[in-house]
Every structure is written in structure tokens, then in C-alpha cells.
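Asker: For reference, the structure I am asking about is given below.
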Amino acid sequence: MEIFNQNQRDTFEEARERMVRVQIIDREVKDTGVLKAMRKVPRHLFVPKEYENEAYDDNPLPIGYGQTISQPYIVAYMTEVAKPDKSKTALEIGTGSGYQAAVLAEVVGRVYSIEIIPELAKESAERLRKLGYKNITVRYGDGYKGWKEYSPFDIVIVTAAAEQIPEPLVDQLAENGRLVIPIGAPSEIQELILLEKKKGKIEKSRLTFVRFVPFKRL
Ligand code: SAH
């Protein structure tokens, strides 16, 4: 895998710029920090070499082990919905390639990410380290239980579709925290749900329809 210095122009810069305009801005993502992050994170370095030329296309791509890196727009949308800022700490469930973690790391203070496939956890931790991300911690495990040690989290983003909202993730959400999660049966269309914790109470909104790989249990 080739790693570019992030300040250096890379050959995919034009493709990435087009991705941001056509797939993300034209679909109404407006958060300037999120747009900046999508312009910066080198998505082609998060996909297998044979998919490098498709890295900025408008769809998910295989990353091995039967998993996928999410469509760029969905990553941008979920990040915007989470209302990121540098004072916040985020938990991601489903590290996968590490792409969503990298985008989050550009806009929040600290990211914790859990991946249930040990090989993916190892590969993405290594990739993020090589790319210079010092504010992301990846670990292998079942994200159902969250990561109590570093809780509460201002933001929780789940990138695998669960049938129900894992209760520990709700418990580990900070006051005014936002949890974004696809809910629905595997291999069907799921609904992206936003939970907000306000004065200890949970408010739920239904956002849009999505399709994610299944949430697994150890
Ligand atoms: N956010 C990822 C998307 C990866 S797909 C990216 O940007 O590339 C979803 C990932 O969730 C898969 O890698 C899958 O192995 C993982 N996953 C599924 N169930 C999980 C669980 N209970 N805990 C942690 N990770 C899980």
C-alpha cells in the first residue's frame, strides 16, 4: 500500500473533489468541517488495490471478509447528523476499512472504534497509524457492549445494521449525545435512526433508508 504525505497532492485529488461536489454537496450535506474532511481523507488508500480506481465512485466497495466500505455520501451524511466538533469524543462500531473513523477524526477530538473481525481491526489500525491519525484508537471486539472505559460519548456511530438498538450504547451516550444507527433485518433495506439524549431522556428520529452489512455478535 502506498501512503502519501497528507500535505502532498495525490493523483486522486480531482476524483475526490468531484465526489464531494456531485455526491455530497449536491445532496445537501453542508457542514463545512465534514466537507473539508471528505476532501482530505484519501479514500483510495482504504480500499483494496484492485478497487483503487473506483474508490471515489458513488457506491460501497468490498474490503474483504464479506464486508464493505460505505458509500461516500452515507459516510458524510452520518457524520453531519452526528453534529461533530473538536470538543467531542466519538465511538464508532464497525471499523471496517477505517475510513469512517478517519473522517470522524478530522472533525472531532477523539475517536474510539471497535471491529469484530480481528484481521480488519489489525489492518485498519495499521493503516490509520501510517496515515498519521493519532486521535483514533481501534480495538478488536464485539461493539454491542460499547467501550465503557472511555464513555460517555458525545457521538456514537454504528456502521452495521442491527435488529435492535444495543442498550449499552444508549447507556454510554453523554447528555446531549447523538447516536446514529441503521436498524432493520439483515439483507433488507434498513432505516437510519438518530437517538438524542436530552435531560436523560431518549428522543428518536427516523432519517432515511440505507443498506448496511449485518451487525454480528461474538
Ligand atoms: N465504517 C466502515 C464500514 C465497515 S462495514 C468503513 O468505513 O469502512 C461494517 C463493519 O462492522 C464490518 O467490518 C463488520 O465486521 C463490523 N461489525 C459487525 N458487527 C460488529 C460488532 N458487533 N462489533 C464491531 N464491529 C462489527
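Asker: Please state which one of Tyr77, Tyr65, Tyr51 is of a type in the set (Ser, Thr, Tyr), open to solvent by 20 Å² or more (accessible area, probe 1.4 Å) and touching a strand residue (DSSP E or B) at 6+ places or on another chain (Cβ under 6 Å).
Answerer: Tyr51
Asker: I'd like the full set of residues that are outside any helix (DSSP H, G or I), within 15 Å of the ligand (Cβ to nearest atom) and of a type in the set (A, V, I, L, M), limited to region 26-67.
Answerer: Val41, Val47, Ala55, Leu61, Ile63
Asker: Which residue is most open to solvent (accessible area, probe 1.4 Å), if the candidates are limited to region 126-157 and must be within 17 Å of Val107 (Cα to Cα) and assigned to a loop (DSSP other than H, G, I, E, B)?
Answerer: Lys134
Asker: List the residue pairs whose Cβ atoms are under 6 Å apart, where the first residue sits in region 63-86 and is of a type in the set (S, T, N, Q), the second is within 11 Å of the ligand (Cβ to nearest atom) and open to solvent by 50 Å² or more (accessible area, probe 1.4 Å), and the two are 6 or more positions apart or on different chains.
Answerer: Thr68/Pro60; Thr68/Pro62; Ser70/Pro60; Gln71/Pro60
Asker: May I pose another question? For region 139-147, check the following and say yes or no: at least one residue is at pLDDT 95 or above, more than 23 Å from Pro84 (Cα to Cα), within 16 Å of the ligand (Cβ to nearest atom) and in contact with a helix residue (DSSP H, G or I) (Cβ under 9 Å, 6 or more places away or on another chain).
Answerer: Yes: one or more hits.
Asker: Considering each residue of region 175-209, count those that are in a strand (DSSP E or B), away from the ligand (no atom under 12 Å from the Cβ) and open to solvent by less than 20 Å² (accessible area, probe 1.4 Å), and give that number.
Answerer: First, the residues of region 175-209 that are in a strand (DSSP E or B): 175-183, 190-198, 201-209.
Okay, now just the ones that are also away from the ligand (no atom under 12 Å from the Cβ), so 175-179, 183, 190-198, 201-209.
Cutting the leftovers down to open to solvent by less than 20 Å² (accessible area, probe 1.4 Å) gives us 177, 179, 190, 192-195.
Going through region 175-209 one residue at a time, the tally reaches 7.
Asker: Right, next: Of the conditions (1) surrounded by fewer than 23 Cβ atoms within 10 Å (Cβ to Cβ); (2) modelled with pLDDT of 95 or more; (3) under 29 Å from Pro118 (Cβ atoms), Ala15 fails just one. Which one is it?
Answerer: Answer for Ala15: the failing condition is (3).
The values are calculated or read from the model by the stated rules, or taken from the named source; none is laboratory data. A quick note: this is a predicted structure, and the numbers were derived from the prediction, not measured. All Cβ positions, glycine included, derive from the backbone under ideal geometry; neighbour counts span all protein chains shown. These accessible areas exclude ligands, DNA and RNA; they are computed on the full protein's heavy atoms, side chains included. Shrake-Rupley method; radii C 1.70, N 1.55, O 1.52, S 1.80 Å.
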